[in-house]
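These notes are about the structure you will find just below.
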Amino acid sequence: MLDDLKIIGELDKGGMFDLIYKFPDHCLEAVNIAKDVTSKIQFENILNVVITGMGGSAIGGDLVRMLAFKKSSIPIIVNRDYTMPSFVGNKTFVIASSYSGNTEETLAAYDEAKAKGAQIAVITTGGKLKEKADADNIPAIVVPAGLPPRAALGFSLFPILMLFQAMGIEIDGAANVEKPISLLKKMRDDYSPKTPEKNNPAKQLARKLFGKIPVIYGTANLTDVVAARWKGQMNENAKHPAFFNAFPELDHNEIMGYEGDMDLLKMLEIIILRSPNESERMKKRIEITRDILKEKVAGVTEIWPQGDSFLEHTLSHIMLGDYASAYLAILNNKDPKEIDFIDKLKEQMGD
């Protein structure tokens, strides 16, 4: 089924496979758009950074926070709320990210950041956020519209990377973005529908997850945000229940759940997103946990990233997860782009 391009084409009515394939192109386009804006911004004595956004617009901020965690000398937080943290002031750099430009929480947070005298930049396709930025003479990185927010990750991630680079916040692999983008271009061909299942790790992974409940485990500040991305993509693209957590926290609570009902546990497929940057203690912890769980659940799969830098590791994990979720949608006889439940919820909420 996963090698039948006709079936994939019939189910993929919204063109999600094409959007996943274009992810590296989006990343490169976002870099070029952001360069023009970031080169003109004057950063004045920044003491902390707040990235404010919701949903797909916030995940880029989460990823950059994770990527910068080990090397940034200033605090970075991601804010998902109508209000800003109390510490925000004129030495705070606020990045307001809303793909639509009309996200009510982000608009309210922008207004509060402005009232507090914060230094601000926005990332958007337009809407009210762009109007506010233009009226307030705030730098705006304007990205192409028309994508589902989860498929616009390149346009939320790379502008923030470029802003961080302009601020002097170092991220491993971001100085030469052509290299990770080239890796993504290779991977998209390896994982594309045209590549047979016997040679396609993304199709093989989807097959393993079909009929099971994926539980995706990352590691704090290395792959935890990617695990959350995988979980969300399984939910939205595949219409499939999935859950995530991160080491070491899960070993202090969640691990006890594996003493539960064996029939339930055999429905679980554990995915562990590994990283070459794990400490020796973390490696030991993950391996001990893996060995405890593998006799309890349907299966445990460890996935190591491709590439050399932290940024490449992160992007390679994302590309595999995105493709696997789309193939799982096909196995579930679903259109990967459709989000009827979310649309129904928004309609009933009056959004």
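Which members of segment 303-335 meet the condition of being among the acidic types (Asp, Glu), within 19 Å of the chain's Cα centre (by Cα) and closer than 24 Å to residue 213 by Cβ? Passing the criteria: only 322. Note on segment 215-256: residues that are on the phi < 0 side of the Ramachandran plot, more than 17 Å from the chain's Cα centre (by Cα) and surrounded by 18 or more Cβ atoms within 10 Å (Cβ to Cβ) amount to 3.
Only one entry of 270, 318 meets the criterion of being touching a residue at least 12 places away in the same chain (Cβ under 8 Å), crowded, with 19+ Cβ neighbours inside 10 Å, assigned to a strand (DSSP E or B) and not charged (D, E, K, R), and that entry is 270. What do you reckon, is residue 276 within 25 Å of residue 151 (Cβ to Cβ), open to solvent by 30 Å² or more (accessible area, probe 1.4 Å) and in contact with a helix residue (DSSP H, G or I) (Cβ under 8 Å, 6 or more places away or on another chain)? Answer is no for this residue. When segment 240-295 is filtered for residues that are over 19 Å from residue 221 (Cα atoms), out of contact with any strand residue (DSSP E or B) (no Cβ under 8 Å at 6 or more places or on another chain) and among the acidic types (Asp, Glu), the ones remaining, listed by number, are 259, 261, 263, 291, 295.
Taking the stated definitions as given, is residue 117 at positive phi and in contact (Cβ under 8 Å) with a residue 24 or more places away in the chain?
yes
Results for (1) in contact with a helix residue (DSSP H, G or I) (Cβ under 8 Å, 6 or more places away or on another chain); (2) at pLDDT below 95, shown as yes or no for each residue.
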| site | (1), (2) |
| --- | --- |
| 111 | yes, no |
| 134 | no, no |
| 137 | no, no |
| 157 | yes, no |
| 165 | yes, yes |
| 169 | yes, yes |
| 174 | yes, yes |
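Here is a yes/no grid of residues against (1) surrounded by fewer than 17 Cβ atoms within 10 Å (Cβ to Cβ); (2) in a strand (DSSP E or B):
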| position | (1), (2) |
| --- | --- |
| 78 | no, yes |
| 83 | yes, no |
| 88 | no, no |
| 108 | yes, no |
| 111 | yes, no |
| 120 | no, yes |
| 132 | no, no |
| 135 | yes, no |
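The values are calculated or read from the model by the stated rules, or taken from the named source; none is laboratory data. This structure is a prediction, so every number in the text was calculated from the model and none was measured. For neighbour counting, all protein chains shown are included, and Cβ atoms are generated from backbone atoms with ideal geometry for every residue, glycine included. The accessibility values were calculated without ligands, DNA or RNA, using every heavy atom of the protein model including side chains. Shrake-Rupley method; radii C 1.70, N 1.55, O 1.52, S 1.80 Å.
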